[in-house]
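Asks: Please see the structure below; I have some questions.
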Amino acid sequence: MVDIAHQAAINPASKKGAAAARALVPLTAIDPGQWRALAQRAVEPNGYYLPGWELAVSATARGRTDASALRAFGGPSSRLIGLMPVISLWRAWKIPLPALVSAHPYGTLCSPLIDRDAPIDAATRLLQQAREAGAHALVLNDVALDGAAMNSLKQVLNRDGLKPRTLSSYTRASLDAKQDGEMLLRDALGAKKLKELRRQRHRLEEHGPVVFEVAHRPDEIRPALETFLQLEASGWKGKRGTALIQHAGDATFIRRAVPALAETAQCEIVTLRAGSTPLAAGIVLRHQDRAFFFKLGIDERFAKYSPGVQLTLELTRHLCADPAIASADSTASADHPMINPIWRERLAIGDVLIPLRRNDPVVTLIHAALVGLNGAHEAARRVVRLLRKKAQATPPPAR
C-alpha cells in the first residue's frame, strides 16, 4: 500500500491527495507561537512534545527526523487545540498498511497535546484528521494509559462505537513531589539504606566538598550540558555506542533542544560535584506542574559510591521543595533498579491501537502485524538475555 504520509506528494492532483496534504503537515509547518500556547493549555503535560524539544528531534536526531503532525483547530479564532506528531507505519516498522504512529520524541512519552478547554472537540478533530490523511488506525506508543489525553480520546471513541486495543503496557517510577522530600526518602529507602548512602557521600567528600548544582539559564545550561555529555559518553552508554555525543545528529539535537527549553524555563541540568570533579549529571524537562527525568550520566570511577543515586536523592529534594512541581515522571524502563526504590509512585504506560472506522478489516490486519512484530521483538530480547547470561557464566580464557 502507498505510504499515507506521502500520498499527497505522490498524487497531488486528486481531491483525496489534497485532503491528505491538509490533514497531515510537516512539524515545521506548525506555528511555534500557537504550539507553545497549546502546550500551556494542555490537559496533560508532556515535556517531550514541547516545540523546542520535538522540533529539534525532528530536525536531526538519528532515526527520528522529518516527523509530520495531525492538527486540530477550534473556537471562533481557529486556535490550535490539538497536536499529534506522527510518522507512517511503514516508516516506523516497514509494515505496508495505512496507519499512523506516534513520532518518537527521544523521551518515552508520546501523549498528544490536547486543549484542556476543549478536550472532546480536540480529540474528535485529531481522529478526523487522521481519517482524512488516509489512515485506518492510529498507533500511540508510550502513552499514559490513565492520563487525561488518552481519556479524552477514549470518550470520543466510545461515543463513536470504537474500542482501542492495548498492545503492551508496563508501569514505571514516578514521584509525588507534593510530599516532604526528607520524609519521602526515609519512607522509600529506610533508615539503614540512607545511613549507607550517607557513608558513601562522606567517602566522596574525600575528593572535595560535595555540591549539588542546578543550571537554569541558557548561559549556565550550555556548559552544564557539555559536562553531562562527557559523563554519559564515559560510561556504559559510550561503550555500547549509544551516548548522545557519539552521533552527530543526536548531538546537534540535544545542543539545540536544551538551550531552547531553557529560554522558556522548561529545562534544567542537575550536577553533583566533588570539588571540581563532576560525579553525575542529569537532564530534567519541565512542563506545567510536572518534571521529566530524561537522562543520567555518571563518572563510573566513583561507581562504588553510587553517584547516580546520590544525584537522584538531591533531585528528589529539589523537586519536592519546588512549589511549581507536583509530580515527576522518571521516563525510565519498567523495574529500573536505580530509580524504582526511590520514586515509589507508578505510572501506567502502554502502546495503544486506535481504530478509525467501525468493523474495519484493515484494522484487523494492522493489529495482527503489530502483535507479530511485538512477538518477534520479545523473542529477540530473550535470545539477547540468554547470550548475556552465557557470556557471564563463561570463564575468561587463560593468559
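Asks: List the residues whose amide H sits under 5 Å from the amide H of Ile81, counting only those 5 or more places along or on another chain, with H placed 1.01 Å from N in the peptide plane.
Replies: Residues meeting the criterion, in which the H sits 1.01 Å from N, are Ala72, Phe73, Gly74.
Asks: Roughly how tilted is helix 32-41, in degrees to the nearest 10 and between 0 and 90, from the longest Cα axis of the chain?
Replies: On a 0 to 90 degree scale, this one is about 70.
Asks: Keeping the other protein chains in place, figure out the carbon and sulfur percent of the accessible area of region 90-187, with a 1.4 Å probe. Intermediate results must be reported in sequence, preceding the final value.
Replies: Values: 1900 of 3970 Å².
Summing carbon and sulfur atoms, their accessible area is 48 percent of the total for region 90-187.
Asks: Evaluate the charge dipole of region 167-290 about its Cα centre and quote only its size in Debye, nearest 20, assuming +1 on the Cβ of each Lys and Arg and -1 on the Cβ of each Asp and Glu.
Replies: Numbers: 20 positive and 16 negative charges, 104 e Å.
In total the dipole reaches around 500 debye.
Asks: Taking only protein heavy atoms into account and a 1.4 Å probe, give the accessible area per residue of the chain in Å².
Replies: Heavy-atom SASA per residue in the chain reads 46 Å².
Asks: Please work out how much length the chain gains when fully extended from Arg186 to Arg240, using 0.36 nm per residue of separation minus the C-alpha to C-alpha distance, in nm with one decimal.
Replies: Gain in length upon complete extension: 15.9 nm.
Asks: Something else about it: Shape verdict for region 35-181, please, from the Cα gyration tensor: rounded (a/c under 1.5), prolate (a/b greater than b/c) or oblate. Kindly include the intermediate steps, with their values, before the conclusion.
Replies: Working: a/c = 1.24, a/b = 1.08, b/c = 1.14.
Rounded, because the longest to shortest axis ratio a/c is under 1.5.
Asks: Could you give the length gained by full extension between Asn359 and Glu132, i.e. 0.36 nm per residue of separation minus their alpha carbon distance, to one decimal place? Before the final figure, lay out the partial values.
Replies: Numbers: separation 227, 0.36 × 227 = 81.72 nm, distance 1.79 nm.
Length gained, Asn359 through Glu132: 79.9 nm.
Asks: Another question, then. When the accessible area of region 193-338 is computed with all protein chains present and a 1.4 Å probe, what percentage of it is carbon and sulfur?
Replies: Solvent-exposed carbon and sulfur of region 193-338 make up 52 percent of the total.
Asks: Same structure, new question: Please state the shape class of region 224-308: rounded when a/c is under 1.5, otherwise prolate if a/b exceeds b/c and oblate if not, all from the C-alpha gyration tensor.
Replies: Verdict is oblate for region 224-308.
Asks: Compute the Cα gyration tensor for region 16-113, then decide on rounded, prolate or oblate, letting a ≥ b ≥ c be the square roots of its eigenvalues: rounded whenever a/c is under 1.5, prolate when a/b is larger than b/c in the other cases, and oblate in all that remain.
Replies: The shape class here is oblate.
Asks: Spin-label point model (7 Å from Cα, Cβ direction): what's the Ala324 to Asp289 distance in nm?
Replies: 1.5
Asks: Can I ask one more? What value, in deg cm²/dmol to 500, does the helix sum -39500 (n - 2.57) over DSSP H runs of n ≥ 4 give at 222 nm once divided by the residues of the chain?
Replies: After summing the helix terms and dividing by residue count, I get -14000 deg cm²/dmol.
Asks: Which of Gly161, Gly33, Val270 sits farthest toward the positive end of the charge dipole of the chain, with +1 on the Cβ of Lys and Arg and -1 on the Cβ of Asp and Glu?
Replies: Gly161
Asks: Calculate one ³J(HN,Hα) per residue across region 71-88 by plugging θ = phi - 60° into the Karplus curve 6.51 cos²θ - 1.76 cosθ + 1.60, and present them in order as whole Hz with x for glycine and proline.
Replies: Karplus-based 3J(HN,Hα) across region 71-88 equals 10, 10, 10, x, x, x, 9, 6, 7, 6, 10, x, 8, 9, x, 9, 9, 6 Hz.
Asks: If I model a spin label at Thr277 and Asp176 as a point 7 Å from the Cα along the Cα→Cβ vector, what separation in nanometres do I get?
Replies: 3.9
Asks: Any idea what angle helix 181-204 forms with the longest principal axis of the chain, computed on alpha-carbon atoms, 0 to 90 degrees, nearest 10?
Replies: Roughly 50 degrees, rounded to the nearest 10.
Asks: I've got another one for you. Could you list which residues have their amide H under 5 Å from that of Leu145, counting only those 5 or more apart in sequence or on another chain, with H placed in the peptide plane?
Replies: Hits under the 5 Å cutoff: Ala348, Ile349, Gly350.
Asks: Spelling out what I want: for every residue of region 89-95, take phi, set θ = phi - 60°, compute 6.51 cos²θ - 1.76 cosθ + 1.60 (Karplus), and round to whole Hz; glycine and proline get x.
Replies: Using θ = phi - 60°, the values come out as 5, 5, 5, 5, 9, 6, 9 Hz.
The values are calculated or read from the model by the stated rules, or taken from the named source; none is laboratory data. The shown structure was predicted, so the numbers you read here are calculated from the model rather than taken from an experiment. So basically every Cβ, Gly included, is an ideal-geometry build from the backbone, and we count neighbours across all protein chains shown. Only protein heavy atoms, including side chains, enter the accessible area calculation; ligands, DNA and RNA are left aside. Shrake-Rupley method; radii C 1.70, N 1.55, O 1.52, S 1.80 Å.
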